[in-house]
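Trainee: This is the structure, below, for whatever I ask next.
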Amino acid sequence: MNKFEILGLDEQLIQAVNDMGFETPSEVQEKAIPILLDQETDLVALAQTGTGKTAAFGFPLIQKINADSRTTQALILSPTRELCLQITNEIKNYAKYTKGLNVVAIYGGASITDQAKQVKRGAQIIVATPGRMQDMINRSLVNITKIEYCVLDEADEMLNMGFYEDITSILSHTPDEKNTWLFSATMPKEVSTIAKKFMYKPIEITVGAKNSGSDTVQHEYYLVSGRDRYLALKRLADANPDIFSVVFCRTKRDTQNVAEKLIEDGYSAGALHGDLSQNQRDMVMKSFRSRQIQMLVATDVAARGIDVDDVTHVINYQLPDEVETYTHRSGRTGRAGKSGISMVIVPKSEIRKIRSIEKIIKKQFIAKKIPTNIEICEIQLYHLASKIKNTEINEEIDHYLPAINDVLSGIDREELIKKMVSVEFGRFFNYYKNAKDLNVVESKEGRRSQEPGKIPTSGDVRYFINVGERDGYDWRSLKDFLRDTMDFGRDDVFKVDVKESFSFFNTDVAHTEALLGMFKDFKLDGRFINVEISSNPSGGGGRRRNRGGDRNRRGNSGGGDRRNRSNRDRRDGKPSSDFRRKDSSKGGSFRGGKKKRY
Ligand code: ADP
Ligand code: MG
């Protein structure tokens, strides 16, 4: 049976659906169609554009309407002429095997008499824009006193466009017993007012995530080496000359440093953090509000209360410790219905945090590239040119004009423009002339979970772990640590082989997934504990090529091929920054002190 048949659609509609090539109902169709077919009810459906709303109300409408009667039985209100025509065409397509069904479109900018004639011939369904509909009612060219169904399509848009009065007036000409079906992408106050006023106990359906307002924020990340963070920040600012942004850092110190460097480099920036006096903070906020500061560099705590509209960009100079904090940060932009961009400057070692955030915010990040020097120079040039064009002329200059003319005499217009632009643009050009590309290529593994070794299908699996004697382990205590962490039984971990700075151990393959999952983002004392499937099933048996190098290496790296590779990935940015970041451990002790932040 066809999936649309299951929803209860009859023969003629199924045929049309097949002709249109629809294979499966969309979510809003799946939810709305059975309700609308089976019940005489009001309905509020929240779904974004492009989710198939037209068919969600169109199919039930066609099936319920009596095509033998010429009375107007349904009115669909839609915000624009284009949508009105689009809906009309879709419904005509859906109803192509439904004999005798007439759909008429009523919209402004076309002959009202032609439209009136079409209605007179008998239109069971009218699709209209509110303005023209009101017009036709005033001139008694339509009769909607007997309609049984009224659809308010894109209700939020209609109200945005100021059709509230028209809609209420149109509805006052319709019978009380009709069913009203309201479709909208969002549910602002005005829409719920309409729903309360004109609908009776509507069934509510929501498709996808409920509108949260943060839909206006686009999330982007820029993969750069950790040591290039600041350069990347500057380029992002240069590529957005009109930026009005909050730049988030993790610590007060970084906040202060980044702000100072920006100021030194000629940006209008300011720092906001807890080490400033209340007075200083007030001053900074005042400058920010009045746009004297374009880039406010802030800690999470200090920025908590910021309620400045029109922030164009939130820049995550560093990612926060907690995923939730990201939501608060990005919420500083995209306010009051404006759109905004939340950018993350991220080293490869933290790319998985982006994936964790995506799960929480239920939105995908766009992987973007730091603009190249040429792109930035172009943007700046255009910006400068339009700034010159839009600059109000200072009349005081008239006084000096003869002298200026003297100096500039003999230079033609084109040359003069070139020179003028060069004055301002020289700084940029010189800076970017030899600037290197900051972008880091994202590895395939970055997109997926990082599991270098292949997982066998049966038997034992040998793992590598980046702790060893140097961390105070022997085979017994490492085994205990793994058992405690994983809640393993007595004999689940075996063949434990502890080396100086790393170790190997085995488990049954049944534990592999859980084990890798647990250690995917496992941090202890501010340091990542990394477990991977060993590329060498007898790893630790003394046959590894790279062994000699281990002794000379400090820190937590060194060891076999497999691990070398992954540590390089992880530490591509600022070498071992994660390992050293003491402030992020917040008292976590080695045993039982795990912090699963992402
Ligand atoms: P909305 O009103 O929610 O913005 P539309 O009703 O205009 O969305 O549908 C968007 C597009 O998807 C249209 O071209 C429509 O023909 C098509 N469409 C609708 N339902 C389906 C379906 N079940 N399968 C495939 N395409 C569909
Ligand atoms: Mg639509």
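The values are calculated or read from the model by the stated rules, or taken from the named source; none is laboratory data. Note that the coordinates shown come from a computational prediction; the quantities given were computed from them, not determined experimentally. In this analysis, Cβ positions are derived from the backbone assuming ideal geometry, glycine residues included, and neighbour counts consider all displayed protein chains.
Trainee: Can you report the number of residues in the range 136-164 which are surrounded by fewer than 16 Cβ atoms within 10 Å (Cβ to Cβ) and either more than 16 Å from ligand 2 (Cβ to nearest atom) or not in a loop (DSSP other than H, G, I, E, B) (or both)?
Mentor: 8
Trainee: Against the condition part of a loop (DSSP other than H, G, I, E, B) and either under 24 Å from A239 (Cα atoms) or modelled with pLDDT under 85 (or both), how does T327 come out, does it pass?
Mentor: Spelling it out, it is not the case that T327 is part of a loop (DSSP other than H, G, I, E, B) and either under 24 Å from A239 (Cα atoms) or modelled with pLDDT under 85 (or both).
Trainee: Q12 fails exactly one of the following numbered conditions: (1) touching a Phe, Trp or Tyr at 6+ places or on another chain (Cβ under 8 Å); (2) within 16 Å of ligand 2 (Cβ to nearest atom); (3) farther than 16 Å from K178 by Cα. What is the number of that condition?
Mentor: Answer for Q12: the failing condition is (2).
Trainee: Shifting gears a bit: What number of residues within the range 20-29 satisfy the criterion of being in contact with a helix residue (DSSP H, G or I) (Cβ under 8 Å, 6 or more places away or on another chain) and either more than 14 Å from ligand 1 (Cβ to nearest atom) or touching a residue at least 24 places away in the same chain (Cβ under 8 Å) (or both)?
Mentor: 6
Trainee: Cβ-Cβ below 6 Å, separation at least six or inter-chain, first residue in the range 91-109 and touching a residue at least 40 places away in the same chain (Cβ under 8 Å) and small (G, A, S), second surrounded by 21 or more Cβ atoms within 10 Å (Cβ to Cβ) and in a loop (DSSP other than H, G, I, E, B): which pairs?
Mentor: These pairs meet every condition: A95/L101.
Trainee: Any residue that is within 16 Å of ligand 2 (Cβ to nearest atom) and hydroxyl-bearing (S, T, Y) - is there at least one of those in the range 167-177? Give the derivation first.
Mentor: Kept after step one, since they are within 16 Å of ligand 2 (Cβ to nearest atom), are these residues of the range 167-177: none.
Checked against the condition, which is being within 16 Å of ligand 2 (Cβ to nearest atom) and hydroxyl-bearing (S, T, Y), the range 167-177 yields no hits at all.
Trainee: Just to be sure I understand, how many residues within the range 30-85 are in contact (Cβ under 8 Å) with a residue 40 or more places away in the chain, assigned to a loop (DSSP other than H, G, I, E, B) and within 16 Å of ligand 2 (Cβ to nearest atom)?
Mentor: Residues meeting the conditions: 7.
Trainee: Can I ask one more? Residues that are modelled with pLDDT under 90: find the strands (runs of 3 or more DSSP E) completely inside the range 181-297 holding 1 or more of those.
Mentor: Strands (runs of 3 or more DSSP E) meeting the threshold: 203-206, 217-223.
Trainee: When both residues are 6+ apart or on different chains and their Cβ atoms are under 8 Å apart, which pairs have a first residue that lies in the range 358-376 and is on the phi > 0 side of the Ramachandran plot, and a second that is surrounded by fewer than 16 Cβ atoms within 10 Å (Cβ to Cβ)?
Mentor: Hits for this filter: K362/A209.
Trainee: A further question on this structure: Just to be sure, is M161 modelled with pLDDT of 95 or more, away from ligand 1 (no atom under 16 Å from the Cβ) and aliphatic (A, V, I, L, M)? Lay out the reasoning, then the answer.
Mentor: On the way: modelled with pLDDT of 95 or more: no; away from ligand 1 (no atom under 16 Å from the Cβ): yes; aliphatic (A, V, I, L, M): yes.
Criteria not met by M161.
Trainee: All but one of (1) at pLDDT below 50; (2) under 22 Å from K353 (Cβ atoms); (3) buried (at least 20 other Cβ atoms within 10 Å of the Cβ) hold for L515, so report the exception by its number.
Mentor: Every listed condition holds for L515 apart from (1).
Trainee: Are there any pairs with C-beta distances below 6 angstrom linking a residue in the range 268-295 that is farther than 21 Å from P241 by Cα to a residue that is of a type in the set (S, T, Y) and assigned to a helix (DSSP H, G or I), with the two at least 6 apart or on different chains, and if so which?
Mentor: Hits for this filter: H273/T255.
Trainee: One residue is enough: does the range 45-62 have a residue meeting the conditions surrounded by fewer than 17 Cβ atoms within 10 Å (Cβ to Cβ) and away from ligand 1 (no atom under 15 Å from the Cβ)? Spell out how you get there, then give the answer.
Mentor: Step one: list which residues in the range 45-62 are surrounded by fewer than 17 Cβ atoms within 10 Å (Cβ to Cβ), which gives 48-50.
If we keep only those that are away from ligand 1 (no atom under 15 Å from the Cβ) as well, we get none.
No: zero hits.
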